[in-house]
Amino acid sequence: MDLTLSVLTINIWGIPFVSKDREVRIQRIAEELASGKYDVVSMQEVWSETDFQSLKSHTEAVLPYSHYFYSGVVGSGLCVLSKYPITAAFFHAWSVNGYVHRIQHGDWFGGKGVGLCKISVHGHTVNLYNAHLHAEYNRKSDDYMAHRVIQAFDTAQFIQQTRNDAVVQILAGDLNTEPGDLAYRILLSTSHLQDSYQKSEPHGTNECARNPYTCEENRLSAPDGKRIDYVLFRVGAGGRLTRQEYKVLMPEQCFSDHEAVHVKLDIVPPKMSRDSSLEYINGDDAEMPASEAGKPSSHLTDLTESIQICDDSLKQLDSHRKFYLWMSFAIIITLIMFADFEAPYGFQTVYLLSKILLGLLTAFLLFMGTLWNVMERHGILSGKLEMEIVLRNIPNHVEAAT
């Protein structure tokens, strides 16, 4: 018998006190998940433990197994609900994940990474990976390009190292990268996963015109939205895929500012397969054909470009370090020069507050120029060196194949 899996991924946009209609939408999501249509549900931005418990309690009749990946200050926001037993779980935190001082973005506080749930489906192991890569925020001037590329590569490496005997590996999440972007390409070419997307379905999963939470500017500029939520998969050795279905849940259902992606996979497990070869049914995705994802030439190009992004980021970090340190030294010298200065009558309080603010600013600049700079440098350097190892071994793979 084929192994049939119904997988749903959705970013629920569950930021307390910020996300619109959060409680109402959580209830709608719970009702949809309780319908019994799905075997495995991968969710992102579940920032409230109360929301997780609510979703868990409302769906336990059909999805009795669950896991939340705790990490960082406010949690990773990642959780999994499953119809089948979760036999193991592991969370791998990324080495770089935004900036602590950019509170308005908040990615750093989530302690993001990639979560793995090993799920036993009729005696077969299914590896379900859940990830939420760093948001883009500004496509024209993307300060987080290097971080997101390293996160994508790190996720691919993690999937490769943990696949073991899984009958299928599935990455379901909000990857915050569009098809054709470097992060998307490096993820697929390194992990050898393929995109389940089929062109017969609506293209966008975020900022779609029909979604009531899409702002007017995005509604007019890109009515089809952008596709950043994915279900990527790879059938294990000896197994084969016989059917795949891809569907985007309609925006009118108002589950979130993201659309949910629903994928059905029919897989013949290794023991049932008539041959030991790996057989895929590729989705009709001209933007990134699955057959191109694993080609050494494509992988080499993606890695080379990623390493260059890392090099550029390291140079920028060195520039930032010098700027922060020179600014802090300039303020310290200024404070020393005016140490004996007595403020005119009536300005003592203003003068004292100014000194306190300058002192806090100096501490911040020193932190950014020393501890934080070293942490980010090590994180980016770690990703770059791992990419270089893979890059050096690509010719060996090509020679072995010939």
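The values are calculated or read from the model by the stated rules, or taken from the named source; none is laboratory data. These numbers were taken from a predicted model, which means no experiment stands behind them. Cβ: placed from backbone, ideal geometry, glycine included. Neighbour counts: every protein chain shown. Accessible surface is based on the protein model in full, side chains and every heavy atom, while ligands, DNA and RNA are left aside. Shrake-Rupley method; radii C 1.70, N 1.55, O 1.52, S 1.80 Å.
Mind listing whichever residues of segment 343-384 are open to solvent by 60 Å² or more (accessible area, probe 1.4 Å) and of a type in the set (Phe, Trp, Tyr)?
TYR345, PHE347, PHE364, PHE367
Could you identify the single residue in LEU385, LEU353, LEU335 that is free of Cβ contacts under 8 Å to residues at least 60 places away in the same chain and touching a Gly at 6+ places or on another chain (Cβ under 9 Å)?
LEU335
For segment 148-174, which residues satisfy the criterion of being in contact with a Phe, Trp or Tyr (Cβ under 8 Å, 6 or more places away or on another chain) and not in a strand (DSSP E or B)?
Selection gives ILE150, GLN151, ALA152, ASP154, THR155, PHE158, ILE159, THR162.
Looking at LEU171, LEU220, which is the one that is open to solvent by less than 20 Å² (accessible area, probe 1.4 Å) and out of contact with any Gly (no Cβ under 6 Å at 6 or more places or on another chain)?
From the options LEU171, LEU220, the qualifying one is LEU171.
Test THR87 against the stated conditions and say whether it is of a type in the set (Val, Ile, Thr) and either under 11 Å from the mean Cα position of the chain (by Cα) or closer than 23 Å to PHE364 by Cβ (or both).
Answer is no for this residue.
Given the conditions (1) closer than 27 Å to ILE103 by Cα; (2) out of contact with any Cys (no Cβ under 8 Å at 6 or more places or on another chain); (3) in contact (Cβ under 8 Å) with a residue 24 or more places away in the chain; (4) open to solvent by 50 Å² or more (accessible area, probe 1.4 Å), report the number of the one that SER71 does not fulfil.
Among (1) closer than 27 Å to ILE103 by Cα; (2) out of contact with any Cys (no Cβ under 8 Å at 6 or more places or on another chain); (3) in contact (Cβ under 8 Å) with a residue 24 or more places away in the chain; (4) open to solvent by 50 Å² or more (accessible area, probe 1.4 Å), the lone unmet condition for SER71 is (4).
Quick one: which strands (runs of 3 or more DSSP E) sit completely within segment 178-270 and have at least 3 residues that are under 24 Å from ASP154 (Cα atoms) and not β-branched (Val, Ile, Thr)?
It comes to 229-235.
Considering segment 1-16 alone, what residues qualify as being over 18 Å from CYS254 (Cα atoms) and either in contact with a Phe, Trp or Tyr (Cβ under 8 Å, 6 or more places away or on another chain) or in a loop (DSSP other than H, G, I, E, B) (or both)?
MET1, ASP2, SER6, VAL7
Touching a Phe, Trp or Tyr at 6+ places or on another chain (Cβ under 8 Å), exposed (fewer than 15 other Cβ atoms within 10 Å of the Cβ) and more than 30 Å from ASN373 (Cβ to Cβ): does that describe GLU49?
For GLU49, the condition - touching a Phe, Trp or Tyr at 6+ places or on another chain (Cβ under 8 Å), exposed (fewer than 15 other Cβ atoms within 10 Å of the Cβ) and more than 30 Å from ASN373 (Cβ to Cβ) - is met.
Of the residues that sit in segment 116-141 and are hydroxyl-bearing (Ser, Thr, Tyr) and more than 17 Å from PRO85 (Cβ to Cβ), which one is least open to solvent (accessible area, probe 1.4 Å)?
Of everything passing the filter in segment 116-141, TYR129 is least open to solvent (accessible area, probe 1.4 Å).
Given the criteria open to solvent by 20 Å² or more (accessible area, probe 1.4 Å), small (Gly, Ala, Ser) and either within 30 Å of LEU365 (Cβ to Cβ) or within 21 Å of the chain's Cα centre (by Cα) (or both), does ALA93 qualify?
Taking the combined requirement at face value, the residue satisfies it.
Could you check PHE364 against (1) farther than 20 Å from ARG102 by Cβ; (2) touching a residue at least 24 places away in the same chain (Cβ under 8 Å) and say which number it fails?
Every listed condition holds for PHE364 apart from (1).
Restricting to segment 1-21, name every residue that is open to solvent by less than 60 Å² (accessible area, probe 1.4 Å) and either modelled with pLDDT of 95 or more or in contact with a His (Cβ under 9 Å, 6 or more places away or on another chain) (or both).
Correct list: LEU3, LEU5, SER6, VAL7, LEU8, THR9, ILE10, ASN11, ILE12, TRP13.
Yes/no per residue for (1) more than 18 Å from GLU386 (Cα to Cα); (2) under 31 Å from the mean Cα position of the chain (by Cα); (3) surrounded by 15 or more Cβ atoms within 10 Å (Cβ to Cβ):
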| residue | (1), (2), (3) |
| --- | --- |
| LEU303 | no, yes, yes |
| SER306 | no, yes, yes |
| SER319 | yes, yes, no |
| LEU325 | yes, no, yes |
| SER328 | yes, no, yes |
| PHE341 | yes, no, no |
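For ASP257, which of the numbered conditions (1) at pLDDT 90 or above; (2) loosely packed, with under 14 Cβ neighbours inside 10 Å fails to hold?
In the conditions (1) at pLDDT 90 or above; (2) loosely packed, with under 14 Cβ neighbours inside 10 Å, ASP257 misses (2) alone.
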